[in-house]
Each structure stands twice: as C-alpha cells, then as structure tokens.
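Student: Handing you this structure, nothing more for now.
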Amino acid sequence: MAQMKRTVIVASAMVALTACAPAGYDPNTSAAEPVAVAAAEPTAAAEPTAEAEPEASQDAPATDAAPPANVRLTDELRGKKVARMGNVVTDQDGWILYRFDKDSADPPSSNCVGKCAKVWPPALTDGNPQLNGVSDDKVGTVTRQDGTRQITLGGWPLYRYIGDKKPGQWKGQAVGGTWFVVAPDGKKNLTCLPKGTPKPVEPPADNADDSAGGGSEDGGYSY
C-alpha cells in the first residue's frame, strides 16, 4: 500500500444539529502512462530489436482501471469536527464518509458491490487525494472487483451514503448495525448512535443494473 504525500489545507465546519440524530433523520425509513519507446535505428538484419521490448514491458508497472468518466472522484480527505458526532472524515465537498463492518482491513478488501455500492458509493481515487487532518500513514487504496481504486483509512475502504441529502449529514450512522461514520484514525466513531437499527435507503431505480448482484428481494440488498 503506497503512502502518498499530501498538501495540507485548513478547513473547518460545524453542522448545527438540535439532537443526537441529524435533522430529518428517521431510523425506520428507508496507470501509469505507457512508456514511450523510441524506434531503434534500422541496422543489419542480423541485429534483432526484440531484446529491448521485453525489458520495456518488465519495467512498466501493472495499471488499475481508471474510474469511469461519469463517476466522481474523492480528491481530498478532511478530518474535522461536527456537532454531536465529533471527529469525522469528509470528502472535498463536505460529505461524511463511512466504513463497513463486513469489509476487511487486513488485508484491505471491499465487500460492498452491486446494489450495495449504489447505496454506498465507494470513495474512488486516481491515486492523489489531498489530506487535511488525516495522517498519510493511515491512507491507502484497495483495488475493487471492477479494477477501480478505492481509498482506505486504517485499512478500511471508505464510502459515502446516498441517504445523506446534504454535506454534513450522517444518516448512515449504524445503518444495518454494520455501517459507521469513520474517524480520522480509521476507527468507528461511536460517539452518537441512534436508537434501534436504522434501515438503509433503497438503491436507485435502474432496471439495467438489476442483475448486478448483491441484492435480495426484500428492498434491494442484504447489507
């Protein structure tokens, strides 16, 4: 897991909430670039140039798939404090990030795919997110099943939640008993837990992707 140098940008924001749960909360609702090789000068037929090609391919690192053009990247991780919840991590737009108990941190692995990933979009990166209030030795990436790279914190893959309707909300806290706001050290933030076990929102309607897997007949998916 490669560590990344980051520039530090100071940013802070406070979300004014009147209770432990955020406003409107209802727990029951639901490549590396290819190396350019100069052409060899033509020489006598007895001097093949094939030897240079294997060398070039050995030096070229394997590349991960680039995120699709219509998928937003997480360009920055910001460790900050918000009202009631305390220490959280957001992306560059202020959306609070989460971790999933059914994932693995050692080794890092994401088990949220298919419809699950539509409700919990992974925090994808091109490999260069900036860091503010988050230690670079905690940040890494994991390659997902589709070849894209997802940011990890303390080994745990990071996600947003489509149930959060505006930056600073954390309606995904304790959803299904497996999703939790992530703290800047990668651990679960258990400062403020809702009563009961909140249900996740439904995956976005998309008939073309109904066969993507990870779902159940009861409302979409089993996470």
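The values are calculated or read from the model by the stated rules, or taken from the named source; none is laboratory data. Predicted model, so just to flag it, every value in this text is computed and none were measured. Quick reminder, even Gly has a Cβ in these numbers, built from the backbone with ideal geometry, and neighbours come from all protein chains shown.
Student: Here is a list of conditions, (1) surrounded by fewer than 20 Cβ atoms within 10 Å (Cβ to Cβ); (2) modelled with pLDDT under 95; (3) of a type outside the set (Lys, Arg), and ILE162 meets all of them except one; can you say which number that is?
Tutor: Only one criterion in (1) surrounded by fewer than 20 Cβ atoms within 10 Å (Cβ to Cβ); (2) modelled with pLDDT under 95; (3) of a type outside the set (Lys, Arg) is unmet by ILE162, namely (2).
Student: Can you give me the number of residues within region 96-106 that are surrounded by fewer than 21 Cβ atoms within 10 Å (Cβ to Cβ) and either in a strand (DSSP E or B) or hydrophobic (A, V, I, L, M, F, W, C) (or both)?
Tutor: Residues of region 96-106 that are surrounded by fewer than 21 Cβ atoms within 10 Å (Cβ to Cβ), as a first pass: 101-106.
Going one step further and asking which of them are either in a strand (DSSP E or B) or hydrophobic (A, V, I, L, M, F, W, C) (or both), we end up with 104-105.
Number of matching residues: 2.
Student: If we scan region 201-219, do we find a residue that is at pLDDT 95 or above, assigned to a helix (DSSP H, G or I) and of a type in the set (A, V, I, L, M)?
Tutor: No: region 201-219 contains no residue that is at pLDDT 95 or above, assigned to a helix (DSSP H, G or I) and of a type in the set (A, V, I, L, M).
Student: Here's something else I'd like to know. Quick one: is VAL89 crowded, with 17+ Cβ neighbours inside 10 Å, touching a Gly at 6+ places or on another chain (Cβ under 7 Å) and assigned to a strand (DSSP E or B)?
Tutor: On the way: crowded, with 17+ Cβ neighbours inside 10 Å: yes; touching a Gly at 6+ places or on another chain (Cβ under 7 Å): yes; assigned to a strand (DSSP E or B): yes.
Yes.
Student: With region 108-159 as the region, which strands (runs of 3 or more DSSP E) entirely inside it contain at least 3 residues that are under 16 Å from LEU97 (Cα atoms) and under 9 Å from the mean Cα position of the chain (by Cα)? Lay out the reasoning, then the answer.
Tutor: Working: elements: 130-132, 139-143, 149-153.
So the answer is 149-153.
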